[in-house]
Structures are given as C-alpha cells and as structure tokens.
Amino acid sequence: QVQLVESGGGLVQAGGSVRLSCAASGRTLSSGAMGWFRQAPGKEREFVAGISRSGGNTYYADSRFTISRDNAKNTVYLQMNSLKPEDTAVYYCAARLNYALGFSQSEYDYWGQGTQVTVSS
C-alpha cells in the first residue's frame, strides 16, 4: 500500500506561483510513475502532469506547470506559475505501479486526499 499526502496548497493571487508537494509512505515512490490531477467545482477531474519512474519522461497539460520528483525523498512536486483564477481546484497526487507515465485516472493505483488551490483575481 501507498499513502500519499499532498501539501502546499492555499490562496494565491493571479499571476503568482505555488509549489505542491506529495509525500509518499508505505512503499517507495521509485517503483512507478506519478501524476497530478485536479478537479474544479462542478467539473470532472482532469490530468495536469505526469512523470515516469525515472523522471526522464514528463508530460504537461499546461506549459505553466512543471512536475518533478525526488525518489530519495519519496516526494513528487508540481510547480505552477502564472496562475489564473481558472486554476482554482483541488489538486490530487496519484501513483501508479507501472513505470511509464499515465494520462488517465484509471491508470493510477493510489491517490492522495487532495489539496485546495484557490487563485484570486
């Protein structure tokens, strides 16, 4: 089992930046790929970014975001820049057992509880 705990969310002004962290316990993160998703009120959960097990492959739904991982610290990060009010959502960290990065929710095996990011205009 893997437990994922997100942190770093909060209230930020439009144009600002925030870095989310996701700490894993119970199993080493280096076993598989990781991803970030978000869900805004009244909307479906959507893919934000993904990173392969080694960190060599990444994919972003938005170029303002950067995903990275530190397998030694069992932590994955999401750096978000130039934030807009429409980025307001609950952000979820997810882990999969497969080494390749995934793009859909169904590809991920473990989920964090989410952290709220609110961008004010």
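The values are calculated or read from the model by the stated rules, or taken from the named source; none is laboratory data. Bear in mind that the values here come from a model prediction, so they are computed numbers and not experimental data. Cβ: placed from backbone, ideal geometry, glycine included. Neighbour counts: every protein chain shown. Heads up: the accessible areas ignore ligands, DNA and RNA and are worked out on the full protein's heavy atoms, side chains in. Shrake-Rupley method; radii C 1.70, N 1.55, O 1.52, S 1.80 Å.
Per-structure values
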item: Subset of region 37-94 (residues that are among the charged types (D, E, K, R) and under 10 Å from the mean Cα position of the chain (by Cα)); result: R38
item: Filter result for V12 (within 12 Å of V117 (Cα to Cα), touching a strand residue (DSSP E or B) at 6+ places or on another chain (Cβ under 7 Å) and of a type outside the set (S, T, Y)); result: yes
item: Count - residues of region 19-37 that are part of a strand (DSSP E or B) and buried (at least 16 other Cβ atoms within 10 Å of the Cβ); result: 9
item: Region 96-121, residues that are out of contact with any Ser or Thr (no Cβ under 8 Å at 6 or more places or on another chain), of a type outside the set (S, T, Y) and within 17 Å of L4 (Cβ to Cβ); result: R96, N98, G102, Q105, E107, D109, W111, G112, Q113, G114, Q116
item: Members of region 41-99 found to be touching a residue at least 60 places away in the same chain (Cβ under 8 Å) and open to solvent by 50 Å² or more (accessible area, probe 1.4 Å), listed by number; result: R45, Q79, N81, S82, K84, P85, L97, N98, Y99
item: Matching strands (runs of 3 or more DSSP E) fully within region 38-121 where at least 3 residues are farther than 17 Å from C22 by Cα; result: 115-120
item: Filtered residue count, region 33-55, keeping only those that are small (G, A, S) and at pLDDT below 90; result: 2
